[in-house]
1. Under the condition of being within 16 Å of the ligand (Cβ to nearest atom) and closer than 26 Å to Ile268 by Cβ, which residue from the range 116-128 is surrounded by the fewest Cβ atoms within 10 Å (Cβ to Cβ)?
2. State all residues of the range 57-83 that are more than 21 Å from Ala120 (Cα to Cα) and either of a type in the set (Phe, Trp, Tyr) or in a loop (DSSP other than H, G, I, E, B) (or both); if no residue qualifies, say none.
3. Can you tell me which residue is farthest from Thr164 (Cα to Cα) among those in the range 94-115 that are within 16 Å of the ligand (Cβ to nearest atom) and within 20 Å of the chain's Cα centre (by Cα)?
4. Has the range 209-228 got any residue that is surrounded by 24 or more Cβ atoms within 10 Å (Cβ to Cβ) and either polar (S, T, N, Q) or at positive phi (or both)?
5. Need pairs with beta-carbon distance below 8 Å; first residue within 18 Å of Asn286 (Cα to Cα) and within the range 230-253, second basic (Lys, Arg) and away from the ligand (no atom under 12 Å from the Cβ); sequence gap 6+ or separate chains.
6. If you go through the range 244-276 one residue at a time, how many are among the acidic types (Asp, Glu) and within 14 Å of Asp44 (Cβ to Cβ)?
7. Would you mention how many residues in the range 214-240 are within 16 Å of the ligand (Cβ to nearest atom), farther than 11 Å from Met48 by Cβ and outside any helix (DSSP H, G or I)?
8. What are the pairs, 6+ residues apart or on separate chains, where a residue within the range 77-93 that is within 11 Å of the ligand (Cβ to nearest atom) has its Cβ under 6 Å from a residue that is assigned to a helix (DSSP H, G or I) and not acidic (Asp, Glu)?
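Derivation of every value follows stated rules applied to the coordinates shown; laboratory data play no part. Just so you know, these numbers come straight off a predicted model, no measurement behind them. No Cβ is skipped: glycine too gets one built from the backbone with ideal geometry, and neighbour counts run over all protein chains shown.
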Amino acid sequence: MGYNRISDANEITARYLDSVLIEERLIDSVVASTKTCFLEETFDSPVMTPAFSHLGQYNGRELTGMEEYSTAAKELNILNFVGMMENEGFRKIADTGARTVRIVKPYADHGKVIDQMKFAEEAGAFGIGMDIDHIFGENGLDVVVGEGMAEQTFAMLREYVELTKLPFVVKGVLSVTDAVKCADIGAKAIIVSHHHGRLPYAVPPMMVLPKIREALKDRDVKIIVDCGIASGADVYKALALGADAAAVGRSMLPSLEKDGIEGVKAFIGHVTNELRFIMSCTGFANVEEINDECLRMPDGCSSLT
Ligand SMILES: Cc1cc2nc3c(=O)[nH]c(=O)nc-3n(C[C@H](O)[C@H](O)[C@H](O)COP(=O)(O)O)c2cc1C
C-alpha cells in the first residue's frame, strides 16, 4: 500500500508534548501564584485565548463565539486574541472591554492591512499583529475566505511596527531565524505556532522553544506559544521550556460551544488551577521563576536543555 506515514503536525506535537514528564519538589514549596506581568500589564494567568475567527452564534445565543470568549477573557483578567475579521466585528470585540491583540491577515490588499491596524489602535486594542503562517498556500499565495494574501518582507513588517504605538506581535514563528528577524523589526512579542498544523511535519512549537528563548535572551521580545495546549500541564511545560505565556486553542471550543462565556471561564479557570497545582508541586512560587529543572524525558533522568 502507499503512503501512510504521519505528516500531521498536530499529532507530532501532541506526541512530543506528552513525552515530556514532570518531577516533584514538595519540601519547602508553597502555594504558587499564577499572576503574570506581560508587556507591562498584569494578568491573573499566563493562559491566553487563541486568535480565532469565523465562529458564529452557538445554540441560538446572541453573541458570536469570538464575542463570548472575549467577554470571558475580560472576566478572567487574561490577555485576549482575535483573528481575521472586518472592522465592525473588531468594534464589538473592543466593546467587551477585554485587553485584546488583533491579529490581522497578511492581505494582498496592503491598504486593508494598514486600515485594520489603525482601526484596532483607535478602538483601544492592547496590541496588533499578523499571522505570517498564512502567507502561502498550496497554489502559491494563500486565499482565505476569498481574500488573497501577499508575501511579507522584513521591510513591510518593520513598517507595521513603526506605524503603531501599540506592541506588534508576529504570529506563526517556528524557527530561530524568523524569531531573530522579529526581534530585529522591533516586534514586542512572537507566537511560536504552526497554526494547528498548516505545515506538514512542522516541528512541535515546544521543541523549538528552548532555542528561540536562548536566541532572544538579550532581546526585548515576549514569547507566547500555542498548538495543542489543553491543560495546565501543557501550559507548565510551555513556560518551563521558555515561553512567557501560552494560548489554548481548539481545546476551548467544546466548552465555548456548550456554555458560552461561563464555559470558557470554567475551562480556562481549570487550566489555570492545574497550572498552579503543578507549580506548587515543583517548587515554583511565581510564573517568572519557572524553568526546565523539573522536566524529564521518558528515560526519567535527562533534562531537556
Ligand atoms: C476556527 C479557527 C479560526 C482561526 N482563525 C485564526 C485567525 O483568523 N488568525 C490566526 O492567527 N489564527 C487563527 N486560528 C489559529 C489559532 O489562533 C491557533 O493558532 C491554533 O488553533 C492553535 O492550535 P490548537 O487549536 O491545536 O491549539 C484559528 C483556529 C481555528 C480553530
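1. Phe126
2. The answer is Gln57, Tyr58, Arg61, Glu62.
3. Ala98
4. yes
5. From the range 230-253, the pairs are Gly232/Arg276; Leu241/Arg213; Gly242/Arg213; Ala243/Arg213; Asp244/Lys222; Ala245/Lys222.
6. Going residue by residue through the range 244-276, those that are among the acidic types (Asp, Glu) are 244, 257, 259, 262, 274.
Next, from what is left, pick out any that are within 14 Å of Asp44 (Cβ to Cβ): none.
Qualifying residue count for the region: 0.
7. The number of residues fulfilling the criteria is 5.
8. Val82/Met66; Val82/Ile93
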